[in-house]
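First comes the structure, then the notes that go with it.
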Amino acid sequence: MTNVINITKESGIPLIGLAFIGIIARNSNNLIQVRTTTLCNMNCQFCSTDAGIISKFHKTQYIVDLEYMLEYLRELANYFDKDLKIHIDSVGEPTAYPKLINLIKGIRKIKNYKDISMVTNGTLLTKEKIKELEEAGLTRINLSIHSLNILKSQELFGSTIYNIKKIIDTIKEIKKTKIDIYLAPVYIPNVNENDVDDIIELAKELDCKIIIQKYEHHKYGRKIKIKEPTYFNFYNKLKELEKKHNIKLRYAYSELETEKVKSLPVKFKKNEKVSVEIKAPGWFENQSIAVSRNRALTIINHKYNKNENMKVRILSTKDNVYLTEPVKQ
Ligand code: SF4
């Protein structure tokens, strides 16, 4: 049975420091990633994070309290004091977060946040929900879509309730609003090559932008048995598709419209030994979530033991995400 942990202010777990939940403010750019839940209603064959209903690695899931998240976002806005963008991307499905509309409304009230985008598989969106998202102030949706074929799309999403006809209606509904929409297929060689052609044509027909993503093997993700394409081959494929369909598919970094901002202070040094307090089980079974210096840290190779105090060694601090291991006594 899945254990769902509510991350509230009272839980004592800071929202900065973990890769899979909370907030990621990558060094020096003004795009803030917001991850409110690890839950997902699909089970994609190629999910890079092994999210979804039948997960091999994750027996614990997380959901962040709305007010706690907004409190952090207000503090970040004051710290950066610049125009910021929010991307609700979650390692799960953002629309599975029950307070999504209130989250967007709350972010809209914070003056620095200009754009609010979201990635979604689209399955939980209804006509009413799309209207609510527009009124709340969502500016963009990246919609994952990998085939227009009924059975193939169900296979790729790992779910017989996935309904591509409904998804196409959903795209049409979004097009009636002020929300910008990008179709976001994952290109998987020998699996959905022709499907990507169909999706490009759909994007043209419905006047949507399209961003094709490269399929990648991830150590703890679900994998499709194919040879992973190289970036060289992938970009050549995009070039070929651009020519074939007369459409723009490659975007330069500058076109992503992020700006440089000052970094968040990094609270630890690599290899430093730090005293921490254990707060919750980690996303993987042999991991725990600990706290120190107002940051959350993941301890690998550690069996969860509530309120234990221990010493860990910092393995990585990249992007203010802290990975540690126990210090052997
Ligand atoms: S919809 Fe996204 S998060 Fe959910 S299983 Fe598929 S790839 Fe993973």
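Any read-out appearing in this document is the output of simple, stated calculations on the displayed coordinates, not a laboratory observation. All of these numbers come straight from a predicted model, not from anything done at the bench. Don't worry about glycine lacking a Cβ; one is built from the backbone with ideal geometry, like all the others, and counts go over all protein chains shown.
Taking a ≥ b ≥ c as the square roots of the eigenvalues of the alpha-carbon gyration tensor, the stretch 153-240 is classed oblate because a/c is 1.5 or more while a/b is no larger than b/c.
Distances between placed amide hydrogens fall under 5 Å for SER316 paired with LEU323, all partners being 5 or more residues away or on another chain.
Taking a point 7 Å out from the Cα of ASN271 in the direction of its Cβ, the residues of the stretch 306-329 whose backbone N falls within less than 13 Å of it are 314-316. Annotation: amide H-H contacts under 5 Å for TYR113 (H modelled 1.01 Å from N, sequence separation of 5 or more, or interchain): LEU84. To the nearest 0.05, how large is the calculated FRET efficiency for ARG250 and SER28 if R₀ is 25 Å and r is the Cβ-Cβ distance? The calculated FRET efficiency here is 0.60. Think of each Lys and Arg Cβ as +1 and each Asp and Glu Cβ as -1; about the Cα centre, that makes the dipole of the chain roughly 840 debye. Close amide H pairs (under 5 Å, H built 1.01 Å from N) link LEU39 with TYR62, GLU93, residues at least 5 positions away or on another chain. Highest mean packing first, where packing is the average number of other Cβ atoms within 10 Å per residue, the peptides 175-183, 263-271 line up as 175-183, 263-271.
Since only TYR220, ALA184, TYR113 are under comparison, the one whose Cα sits farthest along the positive direction of the charge dipole of the chain, derived from C-beta charges on Lys, Arg, Asp and Glu, is TYR220.
Phi angles across the stretch 83-99 convert, under the Karplus curve 6.51 cos²θ - 1.76 cosθ + 1.60 with θ = phi - 60°, into 3J(HN,Hα) values of 5, 10, 10, 10, 10, 8, 10, 6, 7, x, 10, x, 6, 7, 7, x, 9 Hz, Gly and Pro given as x.
Given R0 = 30 Å, the distance between the Cβ atoms of TYR231 and ASN190 translates into a calculated FRET efficiency of 0.95.
Only helical runs count toward this figure. For the chain, summing -39,500 (n - 2.57) over DSSP H runs of n ≥ 4 and dividing by all residues gives -8000 deg cm²/dmol at 222 nm. Here the average projected area of the convex hull drawn through the C-alpha atoms of the chain stands at 17.0 nm².
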